[in-house]
Structure formats: C-alpha cells, structure tokens
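Report on the structure given below.
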Amino acid sequence: MSPFWLQIGLTLLATLLLSLVLGRYLARVMTGQRTLLDPLFDPLDGLLYRLVGRDACSRPMNWQRYTLHMLAANLAMAVLIYLVLIFQNRLPLNPLKLAGMEPMQAFNTAISFITNTNWQSYGGESTLSNFSQMAAITFPMFTSAATGFVVAIAFIRALIVKDGGADLGNFYRDLIRFSTRVLLPGALLFALFLIWQGVPQTLDANVAVNTLQGAHQTISLGPVAAQESIENLGTNGGGFFNVNAAHPLQNPTPLTNLALLMLMSSLPAALVVMFGRMIGNARQAWVIYGVMGVLLLGFLAMTVLPEQAGTPLLHQAGVSLQAGPLQPGGNMEGKEVRFGIAQSALYAAYTTAFTTGSVNAMHDSFTPQGGMPLMIQMMLQCVFGGKGVGFLGFLVYGLIGVFVAGLMVGRTPEFMGKKIEKPEIVLVSLALLIHPLVILAPSAWSMVVPYGLSSLNNAAMHGYSEVLYAFSSAAANNGSAFAGLNANTPWYNLAIALVILLGRYPPIIFLMAVAGSLAAKPTLPPSVGTLRTDTPLFGVWWFATILIVGALTFLPALVLGPIAEYFAMATHHLF
Amino acid sequence: MNRPTAHPLSPQAPLVPPASHLVAAGYGSPLLKQALVDSLIKFDPRQQVRNPVMFVVWLGALVTAALTVSPTLFGPSHASHLYNGVVTAILVITVWFANFAEALAEGRGKAKAASLRHTSTELHARRIVADGREETVSASALNKGDLVRVERDELIPMDGEVIDGIAYVDESVITGESAPVIKEAGSDVASSVTGGTKVISDSLLIRVTASPGDSFLDRMIRLVESAQRQKTPNEIALTVLLSVLTLIFVIVAAAMAPVASYLKAQINVADLVALIVALIPTTIGALLSAIGIAGIDRTMRFNMLATSGKAVEAAGDVHTLILDKTGTITVGNRMATALLPVAGCSAARLTQAAYLASLFDNTPEGRSTATYALNEGARPVVGQDKAVGTEFSAETRMSGSDLPDGRVIRKGAVDSVSRYVTEHYSRPVPPDLTALTEQVARQGATPLAVAENGDILGVIMLSDVLKTGIRDRMEQLRTMGIRTVMVTGDNPVTATVIAAEAGLDEVVAEARPEEKLTLIRREQAQGRLVAMTGDGTNDAPALAQADVGLAMYTGTMPAKEAANLIDLDSDPTKLLDLVAIGKQMLITRGALTTFSIANDVAKYFAILPALFITALPGLNALNVMGLATPQSAILSALIFNALIIPLLIPLALRGVRFQPKSAEVMFYRNLMLYGVGGLIAPFIGIKLIDLGLALVM
C-alpha cells in the first residue's frame, strides 16, 4: 500500500485540477455562453421551459422574486416527495411490496432530501421501493443541489451588477441550465463509470444466493449507480444502502472510492474558480480557494493523523499501529479493510468539508480527536461546503471580516465596491447566529430529556458527541451520521427536520436579502484607500475570522464532547 | 475652549497613552469628577438597555448577586458566598468602567453646552420702539426685524445685521478666537453679527435677522447636545454585530449547563456568567459610545461644529475633496516671486525701480513687491518720503511714484505700460518684453511691467503662493486614496500650474460657483462621496449636495444652514483635518473590536478548563497558562476583562494613532497591533493577575 500521504496528496491534487477545468466550464454555463453540450441539451431545455412556462423562465427576477420562486418550487417538490414516500405501496416499481413510510419519518426524509441534506433515519434498501428511490430520492438530489448552486449564482450576480440594477437572473432558467449542462451529463457519465466498476443499476428486486458456505443470502439491488453518481456530484450523500459507500456494491473498488471523492469535491471547489471568472478577478477567487484549502488541509490532518496513530489502549495492548504492506495500522474500528486508514479518513474529511454526507466508514468509531474536525467542518459549513451554500457561508465570515477590517482602515467597509452597511450587517449577523443556535440548543436539550437520552448508544461524552454530530450534520445540510444514535424517534425525526429547515432556508433568505441590498448599491471605484479583499493578507484575516468567530464559538461544546473524551481516553476511560 | 495643539494628520498619540495624557487631552480633573458622578447615574437599567453588550453584564451581575446571597439557588454548588460576591463585584465594576468611559466622553460637550446656555439666558436687549425710545427686554422677546442698540461692553442679544455704526466685536464665545473683529454696516460678511458676542468698542445699531429660538447660539447648543446622542451609521451596524455576537456567546455558554448536568459535572452558575461576560465583546461594547462622542468632541476641539456624528463619519469616508484655490491651496494674495529685466537693463536697476514704484502701493501685491525688492538688494533713497504716489485706477491700470529727483516710475499691466511709454514718451517697447511676458504667463503667474521715465526695465512676476505644507497634505491625501479637485475662477494656465505645484489630481478652471454643484453631482454619480468647503450664498446648493459640506463661520447664513459642518475658525484647510478625525473615529472602533474579539482566545483557555476541574480533570491540559486554581483562573480572566476598559479609555477618547497611509499599510499595521496584540496581551495579563491573586488568596 502506498504511503497515506501520497494517496491523500494525489487526491487533493486531482481535486484542484478538476476544479480548475470545471470552474471555467461553469462560468461559461452560468453566464449564458455557448457550450459544447448545447446542441445536445437545448431541446431538453426547451421542453423544460415549456413545462414551467416560457414566460416564467425568461422574466428577470429581483431578490424577492428569485427567493420566492425558489421557496415555492422547493415546497412543491417537498410535498411531492412526502406523498410519494407515504403512498409508495400504491405506486409502481415496488417489487418488495414495501409499505408506505411513517408520516413523521416521511416528513423528515422529504425535508432532508429537498434541502440537500440527505439525513437518513431509514435504511434505504429495506424501506424504499425502487420508485421512491428514483422519484423521492434521486430526483431531489438534482434539484436540491441545483437550488443551492443557483442561489450562490444570484448572489454573485448581485456583486457584479453595476449601479443599482435589481435583477439577479431567473431562478428557473438558472436551475434548468445548471441541471442539464452540469448535473445531468456529469451524473450520467459517472453512473456509466460506476456500472463499469460493478455498481448495480437495475429495476429488479433482490437476488437470493447460496453462499459458498451454504448460507442463504439476499443481496439488495436496485438503481444504485444512477443515484450514487448524483448523490456525490450534488453533495447530497444519501445512499441507496444503509451503510452508504462502505457497502461493496455502492463503492466496490479503490477507483470508485477516488471517483466519489472527485464527484463530491469538484463542484464546490469549481464554484470558487467560477466566481473568480464571473467577477473578473482571479486573485479574489484564489484568496478564497486558498483559505478554504488551508482549512481543508488542516482538518484533514487532524483527522488522518490520530486515526493512523490509533488509541492508547491499542498501544498498551501491543498492537502494531504502523501502516505497512500487510496492514493499515492505526484505529481500524468501523473502517473497511478495503480502504484502510488513509482512504477512510480522507473520505470522512471530504464528506464533511464538502458537506456531502456519504460515508465509507463509521464516524462514530473514529478516535475522539479524529472525529472532532469532522464536526468542526460541519459547524463551519464553509470549508468549501455544499453546493452554493458553503460558498455563501464563507462569504458571511468574509463580510463580517471586511466590516471590521474596513473600519480598521478608516473607511465605511466595502466588498467588491459595494458598501457594507447596517442592513447587510443585520442580515449577515442573523445568518451567523442561526448555526450555533440550531446546533447547540437542541443538542443541549436532548441531553436532559428522557426522549433525547433514550436514543443514545454510548454514554457520557461520547453520547453527547453523537447528538452534537447529528445536529451539526443537520444544520450543515450534510446528512452524514455519527451512527450510534437512533435517530428514528419522534423527537429526533422532528427536531432534526426542523434544524435542517432552519439551517437551510433562513440563511439563504438572509443572504438573498443581502444580495438584493448589494445589487441596489452603486459600485464604488477602487482606490488606494480601499481595503482590498483579494490579497493574501486579507486571506489571513478571513481565515482568522472563521476560526475565532466561527470555530471557537463551538469550543465549549466540543470541550464537553470529543475533547473531554480524548483526555478521558488518555487515562483509559472508554464509553 | 481648549485648542488641540497637535495636528491629527501628524503622528501624535502613542498606542496606550498614560493617564496623564487624559489631562493633556483636555480631560482635566473637574471633568473626571463630574464623570465619576454621572457614571453612577448610568447604572439605571433604562440607560443600560441601550447598550446590549453591557446590559448582559449588568444582568449577569444581578444573577451573581442573587448567588452571593444563596449560592445554591440554581442547584448544588461548592461555590462560597465570598467567591460569588467577588465575581459580582468585578461585574459591577466592569459596568461602572463602561459608564465612566461614556460619562467622561460626554463631559466636555455637556460643559460646553451648559456654558453656551448660560450665555444665552443672560442676554438682554435694548429694543428701539416706534417713537425712537429704547426699552430693555429679554433677548428671547426679540422678533425678526426688531432694531436693537448695543453699546460698548454689552453682549449682542440676537443674530442680526449692522444697520449703523462701526465697532470691534469679540466673538470668542463662538469662535474661541480672542482677537476682536471689526463690524460695520454695508458689507456682506462684516455686517452680520451673532448673538452672544460682545461689542468691545463703540456701539452698533442692529436689525434682528433670526427668529426667537433659532439664533446661531441656539443652534449651536442644540448641535453640541444632540450630535452626541445620535449614533452614526457605522456605529449602529457595529452595535448590531456586537449584539448578535453577545447573543451567540450567551447561547454557547447556556448550552453548556444541560450537557454538564448530563455528564454529572457540577457547574457553578456564577462561573457560567463569568464565561459569558469574558467572551462577549465587553471591551468594545464599553467604549463604543465613548469613541463616537469623543470623535464629535475632537471636531469641536478643532473648532468645527458638526450637525451630526454622521457628517464626521462621512468625512472619513470621502473619495473626493473639492477645494477652492484661494484660501485653501494658496494664501489669499499673489506675491512677487521674481524680477525679470529686459535686455540691456541691469537687475539692480529693475529691483530699485520696482521697490520705488511700490512705495505707495498698499495692496498685498504691492507690499510683497517692495519686500521682495528690498530682499533682492533695493535700498531706500534719500527724499523718497517726499515722493508723490499715483494710485492704481481702473482707467490707467498702473500705479507708481514720482520722485523728487524727477524720476517717474510706473508699474502695471504689461499692455497698459506699453501703451503708456509709446503714447507719453514715444519710446519703443523693448523687443524681448513679449517673450518675458509669455514666460511669466506660462508659469501661471501674472506679469507687471515696470517703466522708469518711459523706459520699460522689465517685469515683476506675481505668483500664487501655496500655503505652507499644502504639498505634503495633498500627498498624504493621495496615499489615503482621496482625489483632490481644485475649483478656481482663474484661467486654465494659471490653474494648471498651481494644481501641478500643489499636487492636485484635477483642476476646474474658469469655474463659476454653480459649477461646483455640477462637479459634485458628477462625482456622486460615480459612487464617490464628496466633501467641499464654501462660504458664499451661491455655495449653498453645493454645500447641501455634498456629502460633507464645511461652511465658514464668516460665511453667509444660507451657506451655514446648508452645510453639515461649520468651521468657526473659517479656515478651509480644516477640511483635511476633518477627514483625519473621521477616519480616526472609524479606525478606533475597528481596532478595539478586533482587540476585543481576539482577547477571547486566551479567555477560553483560562475559563473552560476551570469550569469542570473536578468532573473532567483531564481538561486541565487546556490550562496552558498554568493558572493556579479554578477560582483564580476565572477571577483573573474577569479582572483582566474589567481592567482593560479603563486602560483603553485614553485610547478611545484620543483615537488610535492615525497616519495617512494606504489601506494596505494601515490594515497590516492595525492587524499586527490590535489583532495579534489582542491575541497575546490577555495571555500575559491573565497570567500576571493570577500570580498576583496567588499572593492574596
């Protein structure tokens, strides 16, 4: 096995290169320039435009209309998903004759998938019919990813608009164009790749086989490849199988593992490159990319190194923790032998950084200090982050940073020539407030009520970590689970659904309002008196703002969870 | 009124001035005493609630006070009455420090308003009634159009216009300028008088021009009082941000309690309150309003009157300054700067003739010519006191002297003198005169020809003279990214030369006053903020349109009403000071916010391990400062948090050191100073306090 740093380094490099190419392409797509795929997909666009209404797809929208249409479309789709799930027993393509979903669980699932979260309180193969997998799971994987992405596009347009124009584009046109030019071809291509690698794609039911040992085994099958490619390309994360990408049919080879990593990281990283091209300032994009990249590297190291180092008890037991040709070493609990430490830790760091949520190892079994960075990445939600929203979350810190830094140089702060004043600060502050509120309040509440505690699989700090992870994952619209926590209870279904909603829409609405406010402002010509935000120095400042205003806020909670557990583990306490 | 001695554009204040600097900055002991009293009044919750950050501390003190009485109020706790009492005391002192900062900042404005009010209530008038008799009435009874007589040593009761008489008036109550000014009927500026000023010679007959309650003095009182109360736009935005951060920290700390109870880690509620208070941005929260008030106050100490803090803040923001040439860039008058003889004439002869020609010329140009010539070697001649002077007239456009020795010397516009020598003496005009004239004009100067007995000797070059230091100031403005535009009625050649010499970015020549308005609109359309000065009535629309309009006190009433700032010294150069004051106000806020938030890092490491030392002893590994006991760790963090406020009061009141530098340079410097400094300082401070506490505990 190659050294773990080489595996990781090559993956990171591949992410970088892919995002560069894709970023250019995205900029072409989103600024309405011709692309190679146009002849192929223009007819499809035309069909979809006619379906939504030609007029509705061409009218320019200000921020209110854009947001309203986005919310209305999301609501309509959520209702549809909900209905499909509870009535799946009466709908076609249900070879296993599965019953309709419980309303509360269906509510949770509908919200989870329409928000790009893909928190799953059900086990896919045992709960959902093939029709539900396609209509209620795979379909919103496209639209929710596109929704987050186009919101970011609208925001970027607000920064480019000169002199008080209010138009941020058209929601439906953006949504359709992004889906048909990026998500659909990408998903198609990768689905074929996955099928080649052995991932099933069928409408047949399970197959029953007799194993070599003579046992009877039922192997779940279904339209896996199609769902899986968009699951990761759209940073959705909800798997066909309960154990997600740890399942050999979902992630059969090292090559598919790498492909999944590329899928989930490519678009969020390319979005930054696209941003640079859209605003015509590559330096600005590189500052953002750089800060996100450094954060990712840091958290990645914080995950990989402790996992490779193993635990004190393993040391004491005399287990060799060194990675070698014959064994991965380190803490292998909850990890697939096929992937080993590096690929598991890398996958965990990627899935939380890009807030995808698919997993190829059980995060619950990570060491406390190795699991903590996963939580922090979701608490920040902007280490690249999910489709669009991660970028917007990053801008929240940037706007707060630019406000304070702007004051420090004696100017009313400006970001890209737009003044940052009271309305923007009010909205950005509210967006900043949402995250700690919806993570910390319900997880604290869960620790003192019986219906909260009854779901815990582990006690003490580790129990709190499970709950904290669950709500962080929900708020960040990540969807990965720490496992261990039984989330299919009325309290967790409801609370997590609400946290998902609050973690998704209010920040988007606040930021769209910021976009509206910024779009209406004149663009000030830069001068030497203007604080530039596209310098390495500002990058350092941005980085510090994220760590001090963002990450440190969660330190008290982390102290009671993973940090306390780590110190307890050092003295050989286990939970 | 205390006048600041240092120029804000020049480096002045050290980072943390010692307390004695407070006195130097004009915050003497009477103000300190008054502030001590006022700071106690500010404990009123109705006042506290206006500052959300400090209100949380105030509420926290209530909670810990309750815990002092009954330590087990919220559940079992090992904390003693004494410990909770000490926490309460520190919190109360923290709030009190904040109150003190605000009270101190308000002090001088209040004192100023009180003294002005005192002046205004004491005013009486001798009103002239219909039959010519005089009656004594209170100034508040005067109406527009009333006639009043003011005798020597009396105060002028109301703003008005001099109808009759000429007198010296002491306007120091308004302007702070002790030299009296002359007031007389008939001229635009010198005929207007202001209520509250004192006639110190002769007497004046004045027609009242202001309505009761609307005199300049009334407006001034209102401004001094109200400008302090309004928050500026950036201050409001920052308050919002700080309030939300406070709310976040309250949530963060409050969310620990249920988790701690689940982990069976007993937690003292007073310690949680301490964590909240330590984390919320109390440093900037306590000083924010003082910074704003001090900014307005600094404007006042530079003898400018702001209608609102908004105007001062906007001054820090301006992109474009529109400057008049005369009075702002150049001193009011042209001066002789060279003497250029024509071919065949010696320099000495021209110098002597130029001197003699100016003997009777009392214009500033004439006096400067005489001075220049004397410096260049001209000598007074015997009998010059018996010479006969010829004054300048519009018809001849020449002046000069006829000396007893028969010499007839004239100087004047080149074409007039040329005509004079050909017509009166039939002498030829020297062939190189045209070249000399053009040479002078090319340099933006005005040529005057000098002739002696019909011989043109040469040319006096009269140039605009830049005010001292104006080049440096323009240079500083450019490094700050501020564009300067000079507006002048001069011809383009002169204007361009001056602009180049002073280092201005743009020049508008042969401008009529209305063009300022057009210019401002053009700049604003490009998203720029514009500042300008003005004094005339025809400046009023432009002053109103500009984002920052600074009117001269000596200017007309419409100008003063249209502007959002008035300079009582009537010095247009002060616009540049205003920019510095505005920037300093913003920088101080940004710097202290950064400092305050950066402080949190150390406080986390002081308090978090201390909270759970019994239940989760492993967390002591986070005690990187090696603080002695959990109690002393928490108290040290709280004491540091409280003490930093009074330590930074001088900085808040004086403003952080401001140097005109580019945004990049300023950002780097302040980031290192207040960001990195703010990270490191509390680690040291808390450790030192902890060591100190170990001696007493």
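The values are calculated or read from the model by the stated rules, or taken from the named source; none is laboratory data. Given the structure is predicted, the values throughout are model-derived calculations rather than measurements. Glycine also receives a Cβ, built like all others from the backbone with ideal geometry; neighbour counts cover every protein chain displayed.
Things to note:
- Residue check for B:Ala19: surrounded by fewer than 18 Cβ atoms within 10 Å (Cβ to Cβ), modelled with pLDDT under 60 and in contact with a helix residue (DSSP H, G or I) (Cβ under 9 Å, 6 or more places away or on another chain): yes
- Residue check, B:Tyr420 among the aromatic types (Phe, Trp, Tyr), crowded, with 16+ Cβ neighbours inside 10 Å, modelled with pLDDT of 90 or more and over 30 Å from B:Val487 (Cβ atoms): yes
- Residue under evaluation B:Val150, criteria (1) buried (at least 20 other Cβ atoms within 10 Å of the Cβ); (2) not assigned by TED's automatic domain parsing to the domain that holds B:Lys198, criterion not met: (2)
- Evaluating A:Val449 against the criteria (1) within 12 Å of chain B (Cβ to nearest Cβ); (2) touching a residue at least 40 places away in the same chain (Cβ under 8 Å); (3) buried (at least 19 other Cβ atoms within 10 Å of the Cβ); (4) aliphatic (A, V, I, L, M) leaves one unmet condition, (3).
- Condition met for B:Asp170 (surrounded by 15 or more Cβ atoms within 10 Å (Cβ to Cβ), of a type outside the set (Ser, Thr, Tyr), touching a Pro at 6+ places or on another chain (Cβ under 7 Å) and more than 19 Å from B:Ala270 (Cα to Cα)): yes
- All positions within region B:387-417 that are exposed (fewer than 14 other Cβ atoms within 10 Å of the Cβ) and closer than 15 Å to B:Val459 by Cα: B:Asp415
- Residue in region B:203-212 that is within 23 Å of B:Asp535 (Cα to Cα), in a loop (DSSP other than H, G, I, E, B) and among the charged types (D, E, K, R) present: no
- Residue within region A:521-533 that is more than 9 Å from chain B (Cβ to nearest Cβ) and either touching a Ser or Thr at 6+ places or on another chain (Cβ under 6 Å) or assigned to a helix (DSSP H, G or I) (or both) present: no
- Among the conditions (1) touching an Asp or Glu at 6+ places or on another chain (Cβ under 6 Å); (2) farther than 30 Å from B:Leu586 by Cβ, A:Thr412 misses just one, which is (2).
- Which numbered condition B:Met304 fails, given (1) in contact with a strand residue (DSSP E or B) (Cβ under 6 Å, 6 or more places away or on another chain); (2) closer than 19 Å to A:Ile439 by Cβ: (2)
- Test for A:Ala431: is it in a helix (DSSP H, G or I), within 14 Å of chain B (Cβ to nearest Cβ) and more than 26 Å from the chain's Cα centre (by Cα): no
- Criterion: within 12 Å of chain A (Cβ to nearest Cβ) and either among the small types (Gly, Ala, Ser) or touching a Cys at 6+ places or on another chain (Cβ under 9 Å) (or both) - qualifying residue of B:Ala628, B:Ala563, B:Ala663: B:Ala663
- Scanning region B:666-697 for residues that are within 14 Å of chain A (Cβ to nearest Cβ) and among the hydrophobic types (A, V, I, L, M, F, W, C), we see that the one that is nearest to B:Gly60 (Cα to Cα) is B:Leu679.
- Total residues in region B:442-483, condition more than 14 Å from chain A (Cβ to nearest Cβ) and in a strand (DSSP E or B): 19
- Within region B:224-263, tally of residues that are among the charged types (D, E, K, R) and facing another protein chain (nearest Cβ under 9 Å): 0
- Residue under evaluation A:Ser480, criteria (1) closer than 21 Å to A:Val389 by Cα; (2) part of a helix (DSSP H, G or I); (3) out of contact with any Leu (no Cβ under 6 Å at 6 or more places or on another chain); (4) among the polar types (S, T, N, Q), criterion not met: (2)
- The number of residues in region B:665-697 being under 33 Å from the mean Cα position of the chain (by Cα) and within 23 Å of A:Val549 (Cα to Cα) comes to 15.
- Exactly one residue among B:Thr484, B:Thr479, B:Thr494 is over 22 Å from the mean Cα position of the chain (by Cα), outside the structural domain of B:Leu448 (by TED's automatic domain parsing) and touching a residue at least 24 places away in the same chain (Cβ under 8 Å), and that residue is B:Thr494.
- Region B:293-311, residues that are within 12 Å of chain A (Cβ to nearest Cβ) and crowded, with 24+ Cβ neighbours inside 10 Å: B:Gly295
- Among the residues of region B:262-272, those that are farther than 19 Å from B:Ala633 by Cβ and in contact (Cβ under 8 Å) with a residue 40 or more places away in the chain comprise B:Leu263, B:Lys264.
- With respect to the conditions (1) touching a Phe, Trp or Tyr at 6+ places or on another chain (Cβ under 7 Å); (2) surrounded by fewer than 24 Cβ atoms within 10 Å (Cβ to Cβ); (3) of a type outside the set (D, E, K, R); (4) within 13 Å of another protein chain (Cβ to nearest Cβ), B:Leu568 falls short on a single one, namely (4).
- Some residue of region B:651-658 being within 29 Å of B:Val92 (Cβ to Cβ), within 14 Å of chain A (Cβ to nearest Cβ) and touching an Asp or Glu at 6+ places or on another chain (Cβ under 9 Å): no
- Residue in region A:409-424 that is over 19 Å from A:Thr117 (Cβ atoms), assigned to a helix (DSSP H, G or I), touching a strand residue (DSSP E or B) at 6+ places or on another chain (Cβ under 9 Å) and away from chain B (no Cβ under 11 Å) present: no
- Residue list for region B:571-622, restricted to those being charged (D, E, K, R) and either in a helix (DSSP H, G or I) or closer than 20 Å to B:Lys687 by Cβ (or both): B:Lys574, B:Asp577, B:Lys583, B:Arg589, B:Asp600, B:Lys603
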